[in-house]
Structure formats: C-alpha cells, structure tokens
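First comes the structure, then the notes that go with it.
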Amino acid sequence: MIPSYEDANDNGSHPFWYAQVLGVFHTNVYYRGSNKKRKFQFLMVRWFGEEPGWLGGARHLRLDKVGYVSEEDPEAFGFLDPSEVLRACHLIPAFAEGKTTSLLGPSIARDGKDGDWMNYYVMR
C-alpha cells in the first residue's frame, strides 16, 4: 500500500495504490565518475486497480475492492523503492466472483495454476 500520488483536489481519487510484492531485491550500483558503490534496494510488484463502478470506503460503509491489472497494460508490473511503502494490508479474495486466466498467462506471478482471483477486498 502506497500513497496514490493522484491529484488531491479530485474528490473521486482513491488515497492509496495497492500492489502484490513479487520479489525483494538489492544490487550494488556504481555511479558514473565515482569508485564508491552504493546498495540499491527495490521491490518488483504486480499492480492492483480499483474495481470500476464499486463504491467502497468509510463513506459507503463497504470495503474497497481491487483487482489485478491485465498484463496487456504496460504498467501491470513495476518496481518500487521500499521506502514508498506505507504498510502492508490484508487482501481477502472475493470468492463468490471466482478466478480468471484472462488477466495473466501462465506465470509465477499468478495466484495459482488455475488463475487469479477476479477481485479482492482491502482490509486496512
């Protein structure tokens, strides 16, 4: 869970973005013109998006609902600086909506061999 970085004046914007952490990495980086190496840490993530048409949050007395971004979106996966992460949150699969294989082909990033859950409820 990270801050959304969306326009704060937009009343419809959600205050957070959500992602599944796929890996925690570090590397040693040498900057040009320097012989000193620095440790660089980053997270590889798979992004969630808000469920279109779903009204959640305290104002609507319902949990927020998110789902994975399709692999066709060029920003479905990404990298994050660990310092951007506000905190972890618990995601509960929306079991009644079932699973799908249309969001991501066979991959270790999937929820399981039989696909991804269509949606999740966000417990903050």
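The values are calculated or read from the model by the stated rules, or taken from the named source; none is laboratory data. As the structure is a prediction and not an experimental result, all values here were calculated from the model. Don't worry about glycine lacking a Cβ; one is built from the backbone with ideal geometry, like all the others, and counts go over all protein chains shown. To get the accessible areas, we keep the full protein, side chains included, count just its heavy atoms, and leave off ligands, DNA and RNA. Shrake-Rupley method; radii C 1.70, N 1.55, O 1.52, S 1.80 Å.
Descriptive notes on the structure:
- Residue, farthest from the chain's Cα centre (by Cα), within the stretch 70-83, restricted to residues that are open to solvent by 30 Å² or more (accessible area, probe 1.4 Å) and within 24 Å of E97 (Cα to Cα): E72
- Selected residue (only one of R110, R62, R38 is free of Cβ contacts under 8 Å to residues at least 60 places away in the same chain, loosely packed, with under 15 Cβ neighbours inside 10 Å and over 28 Å from S13 (Cβ atoms)): R38
- Flag if S102 is open to solvent by less than 30 Å² (accessible area, probe 1.4 Å) and among the polar types (S, T, N, Q): no
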